[in-house]
Each structure stands twice: as structure tokens, then as C-alpha cells.
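For reference, the structure is listed below as C-alpha cells.
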Amino acid sequence: MADPVDLLLEGAKRTIARARFCWLATASGSESPGLRPMGRLPPEPGDDDWTLRFVTDGRSHKAADIRRAGKAALVFQDEADEAFVALTGRATLEESEAEVRRRWEKSYDPFFPTETDRANAAFLTVEAERLELWIRGVTPEPFGLRATRLDRDAAGAWRLAGGE
């Protein structure tokens, strides 16, 4: 019989993989969190399933929020499978000119049309520390009543932590 944590992680991976976009939430420093849709970048060699990357504008509110708090949340949805994943974790920005140049792809140019825009591009990495799952047929019934939560320890192992 498969480990329940492994089944939950597989369901979360499938949901994340199927979602073209996600919502990024940051602590804005005001009473309301900052929320915005984001498109994920493909994984880099050596990334695990729980390292997610994005390209963003270093002048943006989200970049300022991440510099200040060092945390972010991502919400993925796959409506067809009634699957939802909320991921929270450590967030970092890579803003050095050399690193941005190394990672840059021509496909980013439309989002950063000027030299000034490209000079302010940054790469955002979110490393998952907690998952909250609602996945029909994977998480416990009654579906949607409460999240199934997984926490990741410092060694990278996931454990079932309960729900909300």
C-alpha cells in the first residue's frame, strides 16, 4: 500500500503541473495581502518538485514585499479535477545583472519591452515549506470541508500535519 504522504504529494504535483497560471500572495505591509496572477517558469536542472520560479519586475510591489518578508504563497487550481493546492514557503529574488543575463530567454522580451525594463528584471524563487490541499479523490472526505496540510522539514522530508 502506498504511503499517504506520497499520494498527497503526487496529487499536488499533478495539480501544479496542470495549472498554466497561479496566484502569488505576498505580505504587503498593509492590512491586505498583495495578490497577482503569475506564469511559472520551467524547472531548472537540479530543481526539486517544490522549487518554483518566475520572472518579475524588480521595481514591483511584489518584489518589495518579498525583499521585506522573504515569504510568499502560491495557489494553483485545476478545475477539471476539482484540485486546489496552496503552497507557502521561502521566497527569494535573484537580481544581479550577471544572473539575470544568464537566465534570460527571448520569450521574456514582450513582458520587458525596453532596456530599462530588462535592467530591472528579477527571478523569483519560491521553495515550498507547507502545502494545503483540497484534491477530489485524494484528500479525505468530505471534500472541501478542511485542508489537508503537509509540512516540510529542514531536510526536505514531508509529513502530514493535519488540516484547518
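The values are calculated or read from the model by the stated rules, or taken from the named source; none is laboratory data. Worth saying up front: this structure is predicted, and the values here are computed from it rather than measured. Cβ sites come from the backbone with ideal geometry, for glycine too, and all protein chains shown count toward neighbours. To get the accessible areas, we keep the full protein, side chains included, count just its heavy atoms, and leave off ligands, DNA and RNA. Shrake-Rupley method; radii C 1.70, N 1.55, O 1.52, S 1.80 Å.
Which residues, taken from segment 97-136, are of a type in the set (Gly, Ala, Ser) and without any contact (Cβ under 8 Å) to a residue 40 or more places away in the chain? Can you show your working first?
At the first step, the residues of segment 97-136 found to be of a type in the set (Gly, Ala, Ser) are 98, 107, 119, 121-122, 128.
Ala98, Ser107, Ala119, listed by residue number.
Can you pull out the strands (runs of 3 or more DSSP E) entirely within segment 68-164 that have at least 3 residues that are of a type in the set (Asp, Glu)? Quick ask: steps written out before the conclusion?
Values: elements: 71-78, 83-94, 121-135, 148-152, 158-162.
By residue number, 121-135.
Regarding Glu99, is this residue modelled with pLDDT under 95 and either surrounded by fewer than 15 Cβ atoms within 10 Å (Cβ to Cβ) or in contact with a Phe, Trp or Tyr (Cβ under 8 Å, 6 or more places away or on another chain) (or both)?
yes
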Within segment 22-33, considering residues that are open to solvent by 40 Å² or more (accessible area, probe 1.4 Å) and modelled with pLDDT under 95, the one nearest to Thr88 (Cα to Cα): Ala27
Tally of residues being surrounded by 15 or more Cβ atoms within 10 Å (Cβ to Cβ) and either touching a Phe, Trp or Tyr at 6+ places or on another chain (Cβ under 7 Å) or modelled with pLDDT of 95 or more (or both) across segment 136-148: 2
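State whether one or more residues within segment 47-69 are of a type in the set (A, V, I, L, M, F, W, C), under 20 Å from Leu9 (Cα atoms), in contact with a Phe, Trp or Tyr (Cβ under 8 Å, 6 or more places away or on another chain) and open to solvent by less than 30 Å² (accessible area, probe 1.4 Å). Lay out the reasoning, then the answer.
If we filter segment 47-69 for residues that are of a type in the set (A, V, I, L, M, F, W, C), which is where we start, we get 50, 52, 54-55, 63-64, 66, 69.
If we keep only those that are under 20 Å from Leu9 (Cα atoms) too, we end up with 50, 52.
Next, from what is left, pick out any that are in contact with a Phe, Trp or Tyr (Cβ under 8 Å, 6 or more places away or on another chain): none.
Within segment 47-69, none of the residues are of a type in the set (A, V, I, L, M, F, W, C), under 20 Å from Leu9 (Cα atoms), in contact with a Phe, Trp or Tyr (Cβ under 8 Å, 6 or more places away or on another chain) and open to solvent by less than 30 Å² (accessible area, probe 1.4 Å).
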For Asp151: the one exception among (1) open to solvent by less than 60 Å² (accessible area, probe 1.4 Å); (2) touching a Lys or Arg at 6+ places or on another chain (Cβ under 6 Å); (3) touching a residue at least 24 places away in the same chain (Cβ under 8 Å): (3)
Entirely in segment 1-57, the strands (runs of 3 or more DSSP E) that have 2 or more residues that are among the β-branched types (Val, Ile, Thr) and under 15 Å from the mean Cα position of the chain (by Cα): 51-57
Verdict on Ser107 being open to solvent by 40 Å² or more (accessible area, probe 1.4 Å) and of a type outside the set (D, E, K, R): yes
Test: residue in segment 113-130 that is at pLDDT 95 or above, over 20 Å from the mean Cα position of the chain (by Cα) and either more than 19 Å from Ser60 (Cβ to Cβ) or open to solvent by less than 20 Å² (accessible area, probe 1.4 Å) (or both): no
